[in-house]
Every structure is written in structure tokens, then in C-alpha cells.
Amino acid sequence: MAEEYFKDGTVSGVGEYLDGERHGPWTFYFKNGSVKARGSYDSGQLDGEWIWHRESGGLLQQGVFVDGLQHGRWQRWHDTGNRLDDGFFERGKKSGEWVTYDTAGIEVKRKVYR
């Protein structure tokens, strides 16, 4: 298990390396020790599902990567805990219908990407 550190010596990330690249599951932390992000790498590229948190603990965003590109469903949240937007990526580009919400969680926009 490898560890990465902030300048002050606190742990910023924990995971494995393969041939000098991040590989396999990784967890990243804020300086206060709470989890910032969790996900996996494949030979240095983001791979599979990733989840990011706010320093306060709430969700920030989650989605899937394939070959280092966003691919599949993505969701983001306001700091209120309500969803900000929801949609799909295809090989790094927004695809299909995306729905955006205000801070109260009320739908404010729908847009279709091709």
C-alpha cells in the first residue's frame, strides 16, 4: 500500500502503484482526514466508478470512467444536498438528456446533447 502526503505530512491519498502509475483502488482525503474521493485507476487512468465528497461530508459528484474518460451516468449535488444535475457521458462528452436542478432540488432545465 502506498501513501501520498500533503506538504504538512498528513495523508492525501492511499492506493497502489503498478509500473510507476496509480493502479487499482485509491482513496483521497482532505487535510482534515475526511474522504475526498474514492475510485480506481487502470495504469494511471481513472477507471470505473468514482465518488467525490465535500469536505463537510456531503456528496459532490459521482460517475464512471472508461479509459480515463467520463462514460455513463453522472450526478452532481449542490452543497444543500439536493441534486445539481444528472445525465450521461459518452466517451468524455455529454450525451442524451441532462436535467439541472436549483438548490432546492426543483427542476429548472432539460437539455439534450447529441
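Can you name every residue in the stretch 93-114 that is basic (K, R) and more than 19 Å from W77 (Cβ to Cβ)? Quick ask: steps written out before the conclusion?
Restricting attention to the stretch 93-114, the residues satisfying the condition of being basic (K, R) are 93-94, 109-111, 114.
Correct list: K93, R114.
Which one of these is more than 20 Å from V66 (Cα to Cα) and surrounded by fewer than 17 Cβ atoms within 10 Å (Cβ to Cβ): E3, E16?
Numbers: E16 fails: more than 20 Å from V66 (Cα to Cα).
Result: E3 is the single residue among E3, E16 that is more than 20 Å from V66 (Cα to Cα) and surrounded by fewer than 17 Cβ atoms within 10 Å (Cβ to Cβ).
Taking G44 and the conditions (1) touching a strand residue (DSSP E or B) at 6+ places or on another chain (Cβ under 8 Å); (2) modelled with pLDDT under 95; (3) closer than 30 Å to Y5 by Cα, which numbered condition does it fall short on, given that it satisfies the others?
With respect to (1) touching a strand residue (DSSP E or B) at 6+ places or on another chain (Cβ under 8 Å); (2) modelled with pLDDT under 95; (3) closer than 30 Å to Y5 by Cα, G44 is out only on (2).
Please go through the stretch 15-46 and give me each residue that is polar (S, T, N, Q) and within 16 Å of G63 (Cα to Cα), ordered by number. Reasoning before the result, please.
Residues of the stretch 15-46 polar (S, T, N, Q): 27, 32, 34, 40, 43, 45.
Correct list: T27, S40, Q45.
Return yes or no: is S95 surrounded by 12 or more Cβ atoms within 10 Å (Cβ to Cβ), among the hydroxyl-bearing types (S, T, Y) and within 19 Å of the chain's Cα centre (by Cα)?
On the way: surrounded by 12 or more Cβ atoms within 10 Å (Cβ to Cβ): yes; among the hydroxyl-bearing types (S, T, Y): yes; within 19 Å of the chain's Cα centre (by Cα): yes.
Considered against the rule, which asks whether it is surrounded by 12 or more Cβ atoms within 10 Å (Cβ to Cβ), among the hydroxyl-bearing types (S, T, Y) and within 19 Å of the chain's Cα centre (by Cα), S95 comes out as yes.
Which residues, counting only those in the stretch 69-114, are outside any loop (DSSP other than H, G, I, E, B), of a type in the set (S, T, N, Q) and farther than 24 Å from T27 by Cα?
Of the residues in the stretch 69-114, the ones outside any loop (DSSP other than H, G, I, E, B) are 69-77, 83-90, 93-101, 107-113.
Cutting the leftovers down to of a type in the set (S, T, N, Q) gives us 70, 75, 95, 100.
Correct list: S95, T100.
Which count do you get for residues in the stretch 24-43 that are closer than 25 Å to D8 by Cα and small (G, A, S)?
Step one: filter the stretch 24-43 for residues closer than 25 Å to D8 by Cα, giving 25-39.
Filter again for small (G, A, S), leaving 33-34, 37, 39.
Residues meeting the conditions: 4.
Pick from the stretch 7-65 the residues that are touching a Ser or Thr at 6+ places or on another chain (Cβ under 9 Å) and of a type in the set (D, E): which of them is nearest to H78 (Cα to Cα)?
E55
The values are calculated or read from the model by the stated rules, or taken from the named source; none is laboratory data. None of these values were measured; they are calculated from a predicted model. Cβ: placed from backbone, ideal geometry, glycine included. Neighbour counts: every protein chain shown.
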